[in-house]
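Inspection log for the structure reproduced underneath, given as structure tokens.
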Amino acid sequence: MRADLLAESVDGLDEALAAVDAFDEALATGLLRPQPAQAAGLAQLAGALAGSPLHANVAEAAAKAAEGAAGEDHLLALAAARTALLGSVHDALAARAAEATGRPAAEPPAADAGTGPAVNVLAAARSWLADLARCGWRGIDHDVVSGAAPVVSAMLPDPALRRLAALLDGFADELAASCPGSALESVPARRWADLWSRGMLLTLPGAAGAPAAGTATGRLLPLGVDLHEHATAVQAQVHAVFEPADGAAPLLVRASVSAPKPETIVGAGLWQLLRPHMSLLTAVSEGRAMDVTGMPLTAEGDLVWDDARARPGESADAFSTARVALPTAADPATAPLDRHPARIAVPVFLEGYAAAQAETGLTFTVAGTALPVDTDRVPLAGPLTPEAVAKSAACIGLLRWDAGTFRVQPLAVETAVRKKPVALHAGAWAGGTADKAGVKAEKAATDAAGVLRERAGRLLRK
């Protein structure tokens, strides 16, 4: 991998992010009675779109917002401008990552707008989001935030609206937990502006249309598992190389499974919630490939997993896959609304590096270039540890961009334990394990789940 390319600056990146930050600060204070500093931030956003097809609409919207007279259409234009800027940042960083890995890229998918859901419900969601923009994050209170509840309730029965409903529900919960905004010491301006702008665009009829899906028949070679944990939900995302049965070029794909969870289920216990829904997790633990037949596959490289269309295959070592199959696999494309720097997660394989611990954290020096390693993303639900990563000789990871730099998130490493070479995977316990630490953690989680079931039964009996 050309690690040196990842350390080079990207032209225009800082300016684009500065314009986004300026708008986010204006949004944090609220657009009901803008101050001169907010007007300057709005003008900076509009200026960043100069020369683009959006410029005229965004300039008008910025001017109206600076006067405190922005309507919903104006706010929608500002959300689109912000999304377009971050999309350009995503594209520049993704192109740099592709240049560094030397892998081919798939063609961007075209979204299928479909028939579109009820316009009146989308208008209600847009009205609530517009109210938030006028109040600003420092002006929110429970009365404003609670306006999302009836909108979400109206959306949930319609499958076409559940994506937006889930976003609004989670967003409203975060805001409610932070009320009143005037008492906040600091505001997560970038995150809340991300959620706000995405929500605004999803209120456009047809904007939530998914790329048309095809089917996949062939062999799936797992690389590693990325585990995402929230207080009330958990998701496992398996990154893999797909080799089509017809001999076409291999593709990088993902397969995800999610489940709700109680706050007391943590660590290795998370796998108990996930593994009943996806046989692929067992294959990951056993170091096996999966043979899939007619598995739905989106244009973005996401497998819509169906256990009935998959069966265990032959042994497949993840590091062999990374060394042999990964370099020729095409990176998946990204849908227009998903173009955001936070979405970058490029599978990479590194070896022959020098690991070093510095004040800022662990780094891998690859061909003279130091790459930061994000060991904070290593989950507790597996045998992989930051200490093992620091002593490793080879690593399968995800290349991400965070805090202004590319970082490597380890998924698996080759290291030495008691002078013997071993491979440690973050998802090694996904399908079950005989490892002593894993068995102990699973038992603790089973006991906790049993207590919760017993208490729930008491409540139901009462």
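The values are calculated or read from the model by the stated rules, or taken from the named source; none is laboratory data. All values reported here derive from a predicted model rather than from experimental measurement. Every residue, glycine as well, gets a Cβ built from its backbone with ideal geometry; the counts of neighbours run over all protein chains shown.
Summary of computed values
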{"read-out": "Residue that is farthest from ALA100 (Cα to Cα) [pool: residues in region 5-26 that are assigned to a loop (DSSP other than H, G, I, E, B) and of a type in the set (Asp, Glu)]", "value": "ASP11"}
{"read-out": "Condition check for LEU129: at pLDDT 95 or above and either hydrophobic (A, V, I, L, M, F, W, C) or over 23 Å from the mean Cα position of the chain (by Cα) (or both)", "value": "yes"}
{"read-out": "Qualifying residues in region 233-270 (those that are among the small types (Gly, Ala, Ser) and in a strand (DSSP E or B)) - the one surrounded by the fewest Cβ atoms within 10 Å (Cβ to Cβ)", "value": "ALA233"}
{"read-out": "Test: residue in region 127-143 that is assigned by TED's automatic domain parsing to the domain that holds SER197, surrounded by 14 or more Cβ atoms within 10 Å (Cβ to Cβ) and touching a Cys at 6+ places or on another chain (Cβ under 7 Å)", "value": "yes"}
{"read-out": "Residue count for region 290-302, restricted to those that are surrounded by fewer than 21 Cβ atoms within 10 Å (Cβ to Cβ), within 20 Å of LEU223 (Cβ to Cβ) and in contact with a helix residue (DSSP H, G or I) (Cβ under 8 Å, 6 or more places away or on another chain)", "value": "1"}
{"read-out": "Output for region 298-328, where each listed residue is farther than 25 Å from LEU274 by Cβ and in contact with a strand residue (DSSP E or B) (Cβ under 7 Å, 6 or more places away or on another chain)", "value": "ALA299, ARG323, ALA325"}
{"read-out": "Helices (runs of 4 or more DSSP H) lying entirely in region 130-178 (those with 1 or more residues that are farther than 14 Å from GLY30 by Cα and charged (D, E, K, R))", "value": "142-145, 162-177"}
{"read-out": "Residue list for region 27-50, restricted to those being assigned to a loop (DSSP other than H, G, I, E, B) and of a type outside the set (Lys, Arg)", "value": "GLY30, LEU31, LEU32, PRO34, GLN35, LEU49, ALA50"}
{"read-out": "Considering residues of region 53-77 that are over 15 Å from LEU32 (Cα atoms) and in contact (Cβ under 8 Å) with a residue 24 or more places away in the chain only, the residue surrounded by the most Cβ atoms within 10 Å (Cβ to Cβ)", "value": "LEU76"}
{"read-out": "Residues within region 396-425 that are under 19 Å from ARG323 (Cβ atoms) and out of contact with any Lys or Arg (no Cβ under 6 Å at 6 or more places or on another chain), tallied", "value": "16"}
{"read-out": "Residues satisfying the stated conditions in region 330-366, i.e. in a loop (DSSP other than H, G, I, E, B), more than 20 Å from the chain's Cα centre (by Cα) and either at pLDDT 95 or above or not small (Gly, Ala, Ser) (or both)", "value": "TYR353, GLU359, THR360"}
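For (1) basic (Lys, Arg); (2) outside any strand (DSSP E or B); (3) farther than 17 Å from PRO341 by Cβ, each residue gets a yes or a no:
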position: PRO383; (1), (2), (3): no, yes, yes
position: ALA388; (1), (2), (3): no, yes, yes
position: SER392; (1), (2), (3): no, yes, yes
position: GLY397; (1), (2), (3): no, no, yes
position: TRP401; (1), (2), (3): no, no, no
position: VAL408; (1), (2), (3): no, no, no
position: GLU414; (1), (2), (3): no, no, yes
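Residues checked against (1) in the same structural domain as LEU129 (by TED's automatic domain parsing); (2) touching a Lys or Arg at 6+ places or on another chain (Cβ under 7 Å); (3) of a type outside the set (Asp, Glu):
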| position | (1), (2), (3) |
| --- | --- |
| GLU25 | yes, no, no |
| ALA28 | yes, yes, yes |
| LEU42 | yes, no, yes |
| GLU60 | yes, no, no |
